[in-house]
1. Of the chymotrypsin sites (Phe, Trp or Tyr not before Pro) in segment 47-103, which ones lie in a loop per DSSP and count no more than 11 other C-beta atoms within 10 Å?
2. So what's the projected area for segment 66-124, the Cα convex hull averaged over all directions, in nm²?
3. If each residue of separation counts as 0.36 nm, what is the full-extension length gain between GLN67 and SER27 once their alpha-carbon separation is subtracted?
4. In cubic angstrom, how much convex hull volume per residue do the alpha carbon atoms of the chain span?
5. Show me the trypsin sites (Lys or Arg not before Pro) within segment 35-109 that DSSP assigns to loop and that have at most 15 other Cβ atoms within 10 Å of their Cβ.
6. On C-alpha positions alone, give me the angle between the axis of helix 40-52 and the longest principal axis of the chain, in degrees, nearest 10.
7. Name the residues whose placed amide hydrogens come within less than 5 Å of the amide hydrogen of THR38, ignoring near sequence neighbours (fewer than 5 apart) on the same chain.
8. So what J values fall out for segment 15-25 if you push phi through Karplus, 6.51 cos²θ - 1.76 cosθ + 1.60 with θ = phi - 60°, rounded to Hz, Gly and Pro as x?
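Nothing in this text is a laboratory measurement; each read-out follows from the coordinates by a stated rule. Bear in mind that the values here come from a model prediction, so they are computed numbers and not experimental data. In this analysis, Cβ positions are derived from the backbone assuming ideal geometry, glycine residues included, and neighbour counts consider all displayed protein chains.
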Amino acid sequence: GGPFRYTDIAELEQVTPAQAIAHPNWSMGPKISVDSATMMNKGLEYIEAKWLFNAAREQLKVVIHPQSVIHSMVQYRDGSVLAQMGEADMATPIALTMSYPSRVEAGVKPLDFTKVGELTFLQP
């Protein structure tokens, strides 16, 4: 994940801590950056979704989204998908956590769809 998304597995033995915290899209601090680089964050997100939403294993799918624009998605029975999208900035989810159920100004610029480019999804 993160900076090592396309790195050959044999090359991962040579990775340094400085490389692990150099996430291409986010500035998240060292621990979360390392969790992203090692894919630990995907495991934590899976556990979070399972317990918060009482979801069965069959209901959860993990995908990798390199652009860091879509932060979560829910697919409904009719096949439609609701996606939470925004800039790659932790201020937004933190602000929501602190103000829930209200939403407050987080100091993050609105997502500009004309600058997003493409949305890519990969299997882990």
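1. PHE53, TYR76
2. Spelled out: convex hull of the Cα atoms, projected over all directions, averaged, 5.5 nm².
3. Value of the extension gain: 13.0 nm.
4. 144
5. Details: sites: LYS42, LYS50, ARG57, LYS61, ARG77, ARG103; in loops: LYS61, ARG77, ARG103.
Loop-located and lightly packed - LYS61, ARG77, ARG103.
6. Orientation of helix 40-52: about 20 degrees from the principal axis.
7. Placed amide hydrogens put nothing under 5 Å from THR38.
8. 5, 9, x, 4, 5, 5, 8, 8, 5, x, 10
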